[in-house]
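Written below as structure tokens is the structure these notes are about.
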Amino acid sequence: MNNSPTTRLFAFRALLFSGLIGCVFSVAAVDKIEAHKKSKEEFLQAQRAAEKKQLSTDTVQRDLDRLTEQKTLWEKEIVYAKSKLSYASAQLEKAAKVSAAEDVDRWKRDVATFEARLKASETELAKTDSEIQAAIQGVQRSLKENYDNSLILPGESIEVVVLEDDSLNGLYQVRRGGYIIMPRVGRISLAGKDAAGAEKAIKDALQVNQIKDSTVMVERPQAGSSSDGAVIYLAGEFVHAGPWKIPQGIVPSAVTSVLRSGGTTQSADLTKVRILRLVSGQPLVEEVNVQAILDGVGLNSDLTLNPGDIVMIPAFANVVYVTGNVMNPNTLKLLPDDELTAYSAILRCGGFSRFANRKKVYVLRDRSNGAKQKIPVSIKELQDGKGSDVVLEPKDIVVVPEKFFSF
């Protein structure tokens, strides 16, 4: 074996060079891991905020269902107590005129009973009205706070301006996966970033193969709109839920709020749109069948909206949601007798994206108390002929997380 000084020198240089290359690759790998961890944490933060907003909306709708039913019952009880009190009072007056002592005592007791019953019912109705009022004010406050928040959330839209290329300018919706899709660029993850962070992310993406040193500006049209002019509040299954500034010269209605604000999600139930408002401090909840109006039926049933009103669109009861690392995150309708499983729902959404973690898929399921149950589903085991799938129920959310090491 040649062990000359020259050979040893070449060997040392080769070892040194390979070490330097390994060090460079190691630093690059660490940087990529850190960037991935940061992006993932930003997305999770935005996802938590979005889930909190959705949970808040769902909770309000359940509370309003309960409170509206209670209000109807107390109103019926008041009508009943008043009619009985009126009858008992009339009978008492008749008995007093003929000096029928036993009848007078009997009708006095009935009058006292129904007076107490009426008073108790009116007290409960006032209490229910107060709770409805608090719920309405809570929705207004929650929607305003969500869009005063500096973080970009899945589901909202941002306006992007690239000074060097007008064709890239426009309004982009942040998808459920936390990203926008820009022409000739592809996916850019923005959820969890503020406007400055979003500008940098878009600029970095453009620099790869489009514009070397671009000038990017990002604005959130909905953020801050609640403090600038008259607004109504859009809640539930609107594409752009939140404060909506009433356009100048427009008298908004239930229908125009749907048509002019950017539309609704696929799961929106337009047959049961609710208008929540406060009239002289008193709560008012009205229901409008917007779908019937759009179909040309019941045109006179549209409601004119006032500043501060809330338009709330519920979701169809029979839908499930698929989100995370699938090709096309989407909302799926559950058809009658359709036994849809978690894996089948993922396949209907185009299957897994590149970095999906098939071992950690889970289903989030609503419970009666508003809490969420997490049900794990290992699709990897299913594909290997092991484990069992989960049959989905209405409003289940199928979540496909990302692998931590995705490069």
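The values are calculated or read from the model by the stated rules, or taken from the named source; none is laboratory data. Everything numeric here is computed off the predicted structure, so don't read it as measured data. All Cβ positions, even for glycine, are placed from backbone atoms using ideal geometry, and neighbour counts span all protein chains on display.
Within 23 Å of GLU393 (Cβ to Cβ), at pLDDT 85 or above, within 21 Å of the chain's Cα centre (by Cα) and among the charged types (D, E, K, R), is that true of LYS272?
Answer is yes for this residue.
Which members of the range 378-399 meet the condition of being within 17 Å of CYS349 (Cα to Cα) and not in a loop (DSSP other than H, G, I, E, B)?
Those that are within 17 Å of CYS349 (Cα to Cα) and not in a loop (DSSP other than H, G, I, E, B): ILE379, VAL391, ILE397, VAL398, VAL399.
Which one is farthest from ALA88 (Cα to Cα) among residues in the range 98-126 that are basic (Lys, Arg) and surrounded by 13 or more Cβ atoms within 10 Å (Cβ to Cβ)?
Start the filter on the range 98-126 by keeping residues that are basic (Lys, Arg), which leaves 106, 108-109, 117, 119.
When the remaining residues are screened for being surrounded by 13 or more Cβ atoms within 10 Å (Cβ to Cβ), the result is 106, 108, 117.
Details: ARG106: 9, LYS108: 8, ARG117: 13 Å.
Looking at the filtered set, the residue picked out is ARG117.
Quick one: which of LYS94, LYS119, LYS82 is touching a residue at least 12 places away in the same chain (Cβ under 8 Å), over 30 Å from ILE313 (Cβ atoms), of a type in the set (Lys, Arg) and not assigned by TED's automatic domain parsing to the domain that holds ALA235? Explain how you work it out, then say what you get.
Working: LYS94 fails: touching a residue at least 12 places away in the same chain (Cβ under 8 Å); LYS119 fails: touching a residue at least 12 places away in the same chain (Cβ under 8 Å).
So the residue among LYS94, LYS119, LYS82 that is touching a residue at least 12 places away in the same chain (Cβ under 8 Å), over 30 Å from ILE313 (Cβ atoms), of a type in the set (Lys, Arg) and not assigned by TED's automatic domain parsing to the domain that holds ALA235 is LYS82.
So is TYR147 aromatic (Phe, Trp, Tyr), at pLDDT 80 or above and under 28 Å from the mean Cα position of the chain (by Cα) or not?
no
Any idea which of (1) farther than 30 Å from PRO329 by Cα; (2) touching a strand residue (DSSP E or B) at 6+ places or on another chain (Cβ under 9 Å) is the one PRO247 doesn't satisfy?
The one condition PRO247 does not meet is (2).
The rows are residues; the columns are (1) over 12 Å from VAL398 (Cβ atoms); (2) in contact (Cβ under 8 Å) with a residue 24 or more places away in the chain; (3) out of contact with any Cys (no Cβ under 9 Å at 6 or more places or on another chain).
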| position | (1), (2), (3) |
| --- | --- |
| VAL311 | yes, yes, yes |
| PHE316 | yes, yes, yes |
| VAL326 | no, yes, no |
| PRO329 | no, yes, no |
| LEU334 | yes, yes, yes |
| LEU340 | no, yes, yes |
| LEU347 | no, no, yes |
| GLN373 | yes, no, yes |
| SER378 | yes, no, yes |
